[in-house]
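> Pasting a structure here, questions to come.
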Amino acid sequence: MKYFYELPDSLIEEQEQFGRDIKQFVMGHINPIQFKAIRVAHGVYEQRQNHTYMIRIRCAAGGINPHQLRKVAHLAETYGNGEVHVTTRQEVQIHDVLIEDVMKVITELREVNLSSRGGGGNTIRNILTPPTSGVDHQEVFDVDPHAIALTTRLIAEKDSWNLPRKFKIAFSFNEKDTSYTQATCLGFLAEIRNGQKGFKVYCAGGMGAKPMVGNLLLDFVPGEKIYQVAKSLKRMFDKHGNRKSKTTSRIKFLWKKLQREEFEKLFFLEFNKIKDDASLDLKIVPLENGIEPTDIDLKPEKPTSEHFSKWVKRFTAKQKQAGFYIVKIPLRLGDFLKEDVDKLVDFLTKLPQEGNNTIRCDRAQNVILRNIPERYLGNLFNIITTFKQTLVDFAPFVANMINCTGASTCKLGICLPRGLSDAIRKSLAESKLDLDELDGFRLNMSGCPNTCGMHHVAHLGFFGKVGRKDGNMFPAYNVLLGARIGFGKTQYAKKYGEIAAHQIPSFVSDFLEHYLARKKDHLDYYEYLEKEGIDFTLSKLEKYNQLVPTLEENENYYRDFGAKKRLSLSEIGTAECSAGMFDMIGVDKKIINKNLKVLNEKMDSSDLEKEVIYQLIFSTARMLLVTRGLEGRTPSEVFEQFRKHFVITNLVSTAYENLLLLAKKKDLANLLLEKKKVIDLAGEVLALYASMDDSLRFKKEKMVKKS
């Protein structure tokens with residue numbers, strides 16, 4: 001059976017340690033912030049309901065074989081909400097998993113060669129390709145094998161799991177750049193030069209709250225050498241990335257800080273060491289597409305209905321392999337029910353090689369099938385039209401609308417774009433617009449400024465915000481227009497205003513009606529925007545913003561689509577995806593400052609004062625251990641590691657060594673006698689932290705190196 005990446009030998013040990021960490025957390029022995037940093041790197045996110053989790057599963061190049069998909073669906077039904085969710089990073093997720101079941105899911109995923117490792121946190125994330133790579137008529141060559149080989153190599157490396165921030169990689173197979181290689185940390189654009197397959201290399205792009213377009217890093221690199229590129233950028237990022245600030249820690253911010261000349265200098269310092277090392281070259285194993293079925297237990301079905309003909313036109317395309325088809329399964333909100341997965345898998349496993357190379361997840365949260373023999377399209381149509389969560393009765397444009405989960409599960413979500421997506425679809429269904437004319441049009445929405453819904457690359461995009469009328473909050477969205485995607489053309493959508501959530505379905509219908517009526521009068525969508533569309537949008541937004549009712553006039557307006565109560569910010573929490581062990585520095589810093597304040601006040605009990613002093617020296621000793629890659633799991637380890645790495649090395653004064661020995665023995669009586677020295681030690685560690693640069697190097701260290 002073929003898989004889309006190989007699990008490293010180190011994974012079992014890492015997952016077993018994670019299981020122990022879960023038990024320690026449940027028992028109250030691990031700080032929740034520390035546990036968050038541990039679990040998100042394993043692709044485990046806490047949802048809005050406490051102790052309920054989402055598990056994100058890596059699907060390199062969007063690939064998952066039928067047996068794997070069946071297992072994920074089984075786990076979703078057994079431990080989650082019964083749905084497999086397809087994401088905008090071509091992965092699958094299981095939602096509503098209880099903490100006591102997390103390891104059961106992870107262990108069973110391993111049985112079918114799937115892993116959630118790197119599904120979140122400051123790690124190497126899922127590597128993307130176009131979902132039709134290998135079967136597309138317009139591709140330069142199939143980039144899937146490169147993404148698969150690179151995934152296998154990178155997830156086996158320890159330093160892939162503790163970077164300054166997340167590291168995203170994408171491949172595109174032609175200059176249309178449908179995987180957005182200029183909108184990600186590291187992008188590879190396929191090119192054949194002098195008969196050799198290789199890539200143009202882009203870096204330091206990204207969306208998010210501060211989007212930036214990527215920059216050309218290498219004009220050409222042979223296909224087997226891409227690991228050397230990825231490894232060099234990873235090393236350079238690990239050494240020089242900003243670990244002190246979550247908001248400016250991505251590779252794009254490092255480029256902005258260093259500027260091109262210094263960034264390239266540091267990259268090539270790493271790359272030149274290994275670029276000619278043939279032992280690091282990737283072994284690229286081609287994937288087989290278009291294998292002719294021979295003796296299989298499947299009789300062709302031939303529907304003759306108009307519905308079937310329309311489905312073929314809308315959701316299928318001929319592969320470059322003669323006699324085979326690509327088929328899109330348009331999922332409502334990216335959700336795939338267990339019973340529908342089983343029906344699909346029962347069909348696919350009858351194809352050659354048990355359908356191993358038939359399934360891809362796409363960035364529009366749909367499932368793309370490949371290598372479907374033309375004579376079995378009818379069989380597949382008869383299966384898909386029984387699915388409960390598909391949009392086969394709509395134009396492809398509707399199925400391609402992208403939305404994140406928003407406030408329904410995400411702790412950062414403000415609005416509910418899943419509900420908005422349903423409302424837009426209902427409004428369009430009631431219109432008489434020819435939505436088949438919108439093939440390729442991107443309407444994307446996110447529940448907050450983060451770009452999980454990819455609003456920055458939309459033709460028409462929305463991202464959630466809070467609207468206010470007479471001091472009362474209502475769900476609203478910013479409105480964006482006009483993203484361009486393509487080699488040398490990439491431009492992000494621009495913001496043109498805002499609108500209340502409940503006005504968006506009508507606004508979308510108005511906008512699309514206006515555009516479709518004038519589409520033939522313009523060379524393309526961008527000329528339409530320039531000459532008419534932007535002015536139309538601004539006038540419509542002004543009109544709709546004047547129609548916002550007061551709370552007394554319409555309370556429902558202040559409640560989001562599908563919400564049971566009025567909009568509130570009380571449930572918004574801290575980001576899950578950016579969690580890292582370095583968050584513990586902030587935790588310890590707060591504890592230190594709190595205990596210093598307490599010690600400056602008169603205390604009635606010496607026993608209480610002893611405990612405060614012990615808490616102070618413990619947090620002082622632990623605070624900066626993470627900068628050395630250390631994680632003391634017991635107080636004794638914490639004090640010994642701090643002594644070894646900070647006191648003996650003279651980063652803090654050796655005069656404090658005796659304090660650490662007292663703390664290690666938990667000699668609270670003698671620690672109390674050394675109260676002033678404990679306070680002084682805390683002050684020295686806080687000063688050391690203040691001298692730390694973005695790469696976690698201390699001023700004292702740099703002075704020693706210079707001398």
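> Stick to Cα atoms and the Kirkwood definition of Rh, then tell me Rg/Rh for the chain.
The Rg/Rh ratio comes out at 1.00.
> The range 313-395: which trypsin sites (Lys or Arg not before Pro) are DSSP loop and have at most 13 other beta-carbon atoms within 10 angstrom?
Sites meeting the loop and neighbour criteria: 388.
> Probe of 1.4 angstrom, ligands and nucleic acids ignored: what's the accessible area per residue over the range 418-548, in square angstrom?
That works out to 43 Å² per residue.
> Pop out the ³J(HN,Hα) list for the range 281-289 in order, Karplus 6.51 cos²θ - 1.76 cosθ + 1.60 with θ = phi - 60°, rounded to Hz; leave Gly and Pro as x.
Per-residue couplings from phi come out as 4, 6, 8, 8, 9, x, 8, 8, 10 Hz.
> Taking 24 Å as the cut-off for C-alpha to C-alpha distance, list the pairs among 234/283; 426/540; 411/597; 36/338; 23/644 that go past it.
411/597; 36/338; 23/644
> Here's a follow-up. Treating only the Cβ of Lys, Arg, Asp and Glu as charged (+1, +1, -1, -1), what charge dipole size does the chain show about its Cα centre? Round to the nearest 20 debye.
For this selection, approximately 2000 debye.
> Can you count the Lys pairs in the range 46-170 whose Cα atoms are under 24 Å apart, with each pair 8 or more apart or on different chains?
Eligible lysine pairs with Cα atoms under 24 Å apart amount to 4.
> Roughly how many whole Å is it from the C-alpha centroid of the range 308-356 to that of the range 80-146?
18
> Magnitude of the Cβ-charge dipole of the range 297-419, K/R +1 and D/E -1, about the Cα centre, nearest 20 debye?
380
> Counting heavy atoms of the protein chains only and a 1.4 Å probe, report the per residue accessible area for the range 103-245 as a whole number of Å².
On a per-residue basis, the range 103-245 sits at 28 Å².
> Can you compute the modelled spin-label distance between residue 546 and residue 489, with each label point 7 Å from Cα toward Cβ, in nm?
3.8
> For a Förster distance of 30 Å, can you work out the FRET efficiency between the beta-carbons of residue 301 and residue 436, rounded to the nearest 0.05?
So, using R0 = 30 Å, E works out to roughly 0.75.
> Provide the gained length on full extension for the span residue 375 to residue 100, in nm with one decimal, where the gain is 0.36 nm per separating residue minus the Cα-Cα distance.
94.3 nm
> Highest mean first, how do 415-424, 583-592, 270-279 rank when packing is the count of other Cβ atoms within 10 Å averaged over residues?
Ranked from most to least packed, the peptides come out as 415-424, 583-592, 270-279.
> Can you give me the % of accessible surface on the chain that is carbon or sulfur? Probe 1.4 Å, all protein chains present, nothing else counted.
Here carbon and sulfur together make up 49 percent of the probe-accessible area.
> Can you work out the FRET efficiency for the pair residue 318 and residue 498, with r the C-beta to C-beta distance and R0 = 45 Å, to the nearest 0.05?
For residue 318 and residue 498, the calculated efficiency is 0.55.
> Need the C-alpha centroid separation for the range 223-294 versus the range 390-431, integer Å.
35
> Determine the distance separating the Cα centre of the range 530-570 from the Cα centre of the range 445-495; give it in Å without decimals.
Between the Cα centre of the range 530-570 and that of the range 445-495, the gap is 15 Å.
> Continuing with the same structure: Tally Lys/Arg at +1 and Asp/Glu at -1 over every other residue whose Cβ is under 14 Å from the Cβ of residue 528; what's the total?
In short, -3.
> Compute, for the range 218-282, the length of the dipole vector about the Cα centre, with Cβ point charges of +1 (Lys, Arg) and -1 (Asp, Glu) only. Units Debye, rounded to 20.
Dipole of the range 218-282, to the nearest 20 debye: 640 debye.
> Please state the relative contact order of the chain as a whole percent: Cα pairs under 8 Å, 6+ residues apart?
With pairs under 8 Å counted, the relative contact order is 12 percent.
> Starting from 0.36 nm per residue, how many nanometres of slack lie between residue 272 and residue 637 once their C-alpha separation is accounted for?
127.5 nm
> Also, quick follow-up: Relative to the present Cα-Cα distance, how much length would full extension add between residue 279 and residue 607 at 0.36 nm per residue of separation?
111.9 nm
> Could you sort 561-568, 399-406 so that the peptide with the highest average Cβ count within 10 Å comes first and the rest follow in order?
399-406, 561-568
> Compute the FRET efficiency between residue 615 and residue 17 as 1/(1 + (r/R0)^6), taking r as their Cβ-Cβ distance and R0 = 22 Å, and round to the nearest 0.05.
0.25
> Over the range 144-237, what per residue volume does the convex hull of the Cα atoms give, in whole Å³?
Normalising the Cα hull of the range 144-237 by residue number yields 95 Å³.
The values are calculated or read from the model by the stated rules, or taken from the named source; none is laboratory data. Keep in mind that this is a model prediction, so the values were computed, not measured. Positions of Cβ are generated from backbone atoms using ideal geometry, with glycine treated the same way; all protein chains shown enter the neighbour counts. Please note that ligands, DNA and RNA were not included when accessible areas were found on the heavy atoms of the full protein model with its side chains. Shrake-Rupley method; radii C 1.70, N 1.55, O 1.52, S 1.80 Å.
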